[in-house]
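Note sheet for the following structure.
The values are calculated or read from the model by the stated rules, or taken from the named source; none is laboratory data. The structure presented is a predicted model; accordingly, all values stated were derived computationally and were not measured. Ideal geometry is used to build each Cβ from the backbone, glycine not excepted, and the neighbour counts take in all protein chains shown.
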C-alpha cells in the first residue's frame, strides 16, 4: 500500500493526493505534524527529507519527495495523466517548473502567513508577494483562455500540480482566485468535476485551523 | 547552430550557457533586452515565451524554455551530465525543483532588487527574502558537506542549475555566499575548475551594470 506523508494544510501534498485519487490508486496517509514544526527539526530532516518538506510518498520500497517528481513517477508507473510523447512530457515539466518557481510558491507563502503565521504578516512583504502572485496568475489565466487544461485538451499531472493550493477556503489566503481570474476559475471547475476530486481537508489528515490574520 | 536567447545578468540563462560550454557544444547568443523590459511586453510574450522568461534555446528546429527542462534535454541530446539510471535522473530533477522553488528563486529576486531595481528595495521585503535564502542555502550547504557535487561524486545538470546565480560579483547581491556557506564555496571552486567554465558577463551579451543599492 502506498503511503503519503502529508497534512491537511499542505497544498503540495494535495497535488499528489488528488492525483492518486484521480488515478484510482489506493493509498494511506501518514500524518506529518508540520504545523508544530516537526519538519524543521534536524532529526526529521535526517530521517525523512533533508529538504524539510512534504509530501513524501513511499512507493516500491522507496521514499520519494518533491511533488512534481512524484507526479512524474506516478504518471509513468500507472500510465495515466502523463505526456504522450517527448514534446508533451517536456511541456508538462515546463509548466510544473513554472508552478514551483512562480505560481504555487508565492501564493503558498502568502496564504501561510495570512492564515497560520505566528504573528501578523508584514504588509510590505504581503504587497510584494501579491505583485508576484498577480504576475504569475495573469500568465496562467491568459494561457487557460485558449486551453481547457494546462497542457492541451485533457488533464495531465501539470493540472494536479498547479491547482494544489486553489481548492482551499478563500478566507485562508484572502484572495478569491476564481473571481479574480475567470479562466483559472473555469479550469478549477473542470478539475473539480474529475472523478476522484476531494476537498483537501477531507482527503488528508489534520484539523482545519481558522485563518488568523 | 544552437541559439541561446539570453543576457549577461540572467543567471537562469547562465545555467544553460555554462552547461553548453562544459558539454563542448557550439552555440551563439541572441541578446534579449530584458533590462529595458522587452520580456514584459505582450508582443514578446506572444512571439517568444508566454511565461515572459529567458532562457530560450533554439535547438532541432524548436524553441525550448525553462532552464531545467532545457538542461534535461541537453543531457539526453548530448549524453553528458545526465543521470545514469532512473533513480539518479529523479534525484537530479528533485534538486532542480528545489532550486527553482527555493534556492535560485529567492536569491535571484534579492539580487535583482539590490543591484538593478528602479527604486531602493524595501527593507522588510529584503529581510523576509534573506530569511528564505538562509533556509535554502543552509540545506544545500549541509548536503554538500557530504557530497562533492549535488548528486554524488560527479557533476550533473543539477550543479549547472543550482550554481546559476553564484558566479556573479558579490556586490550585486551583497551576500558573500562562499564565505557564509563554506561547503557551497568549496563546491563552487570545483565547478569553476571544470573545462568550459566562464564568467557570466564574458560568455553572454549585454553590458555589466554597477549595483545600484
Test set (1) crowded, with 23+ Cβ neighbours inside 10 Å; (2) closer than 25 Å to residue B:32 by Cα; (3) within 11 Å of chain A (Cβ to nearest Cβ) - residue B:98 fails condition number:
(2)
Within the range A:112-153, which residues are within 16 Å of residue B:125 (Cβ to Cβ), in contact with a helix residue (DSSP H, G or I) (Cβ under 6 Å, 6 or more places away or on another chain), in a helix (DSSP H, G or I) and facing another protein chain (nearest Cβ under 10 Å)?
A:124, A:125, A:128, A:129, A:132
Test residue A:43 against the stated conditions and say whether it is farther than 17 Å from residue A:64 by Cβ and either surrounded by 22 or more Cβ atoms within 10 Å (Cβ to Cβ) or modelled with pLDDT of 95 or more (or both).
yes
Check residue A:170 against each of (1) out of contact with any strand residue (DSSP E or B) (no Cβ under 9 Å at 6 or more places or on another chain); (2) buried (at least 19 other Cβ atoms within 10 Å of the Cβ); (3) more than 10 Å from chain B (Cβ to nearest Cβ) and name the one condition it does not meet.
(2)
Do we have any residue at all in the range B:160-167 that's surrounded by 14 or more Cβ atoms within 10 Å (Cβ to Cβ) and either in contact with a strand residue (DSSP E or B) (Cβ under 6 Å, 6 or more places away or on another chain) or without any contact (Cβ under 8 Å) to a residue 12 or more places away in the chain (or both)?
no
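Can you find, within the range A:76-93, the residue that is farthest from residue A:153 (Cα to Cα) among those that are in a helix (DSSP H, G or I) and without any contact (Cβ under 8 Å) to a residue 40 or more places away in the chain?
A:77
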Any hit, the range A:170-187, residues being part of a loop (DSSP other than H, G, I, E, B), within 25 Å of residue A:31 (Cα to Cα) and either without any contact (Cβ under 8 Å) to a residue 24 or more places away in the chain or in contact with a helix residue (DSSP H, G or I) (Cβ under 8 Å, 6 or more places away or on another chain) (or both)
no
Index of the failed condition, residue A:197 passing every other in (1) within 11 Å of chain B (Cβ to nearest Cβ); (2) outside any helix (DSSP H, G or I)
(1)
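Residue-wise test of (1) surrounded by fewer than 17 Cβ atoms within 10 Å (Cβ to Cβ); (2) free of Cβ contacts under 8 Å to residues at least 24 places away in the same chain.
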site	(1), (2)
B:3	yes, no
B:11	no, no
B:16	no, no
B:27	no, no
B:32	no, no
B:37	yes, yes
B:49	no, yes
B:56	no, no
Within the group A:68, A:75, A:86, which residue is within 11 Å of another protein chain (Cβ to nearest Cβ) and in contact with a helix residue (DSSP H, G or I) (Cβ under 6 Å, 6 or more places away or on another chain)?
A:68
Of the residues B:142, B:118, which single one is loosely packed, with under 13 Cβ neighbours inside 10 Å and assigned by TED's automatic domain parsing to the domain that holds residue B:96?
B:118
For the range A:3-16, how many residues are touching a strand residue (DSSP E or B) at 6+ places or on another chain (Cβ under 8 Å) and either over 17 Å from residue A:100 (Cα atoms) or modelled with pLDDT under 95 (or both)?
5
